[in-house]
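The block underneath contains the structure these notes are about, expressed in structure tokens.
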């Protein structure tokens, strides 16, 4: 659900709200899924894409690495 909200806010150019929902998503997922679940990898990848769009290369690398570590 948080991923969908993040995507919606991203589409309407509300970056701060999109980031808020993007960062809540893995917290919720990790409470109910295994740490190596593919959905968590997708979430980290989405966060990497978000940070890539904002030109935050440090965070982009961090979240892409987290995603690929799971996959």
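The values are calculated or read from the model by the stated rules, or taken from the named source; none is laboratory data. For clarity, every value in this text was computed on a predicted model and none was experimentally measured. Methodologically, a virtual Cβ is constructed for each residue, glycine included, from the backbone with ideal geometry; neighbour enumeration extends over all protein chains shown.
Let me confirm something: among 65, 4, 41, 31, which residue is part of a helix (DSSP H, G or I) and surrounded by 14 or more Cβ atoms within 10 Å (Cβ to Cβ)?
One residue alone meets the criteria, 41.
Pull out all pairs, ordered by first then second residue, where Cβ-Cβ is under 8 Å, the residues are six or more apart or on different chains, the first lies in the stretch 31-43 and is on the phi < 0 side of the Ramachandran plot, and the second is at pLDDT 90 or above and assigned to a loop (DSSP other than H, G, I, E, B).
Qualifying pairs under 8 Å: 39/33; 40/33.
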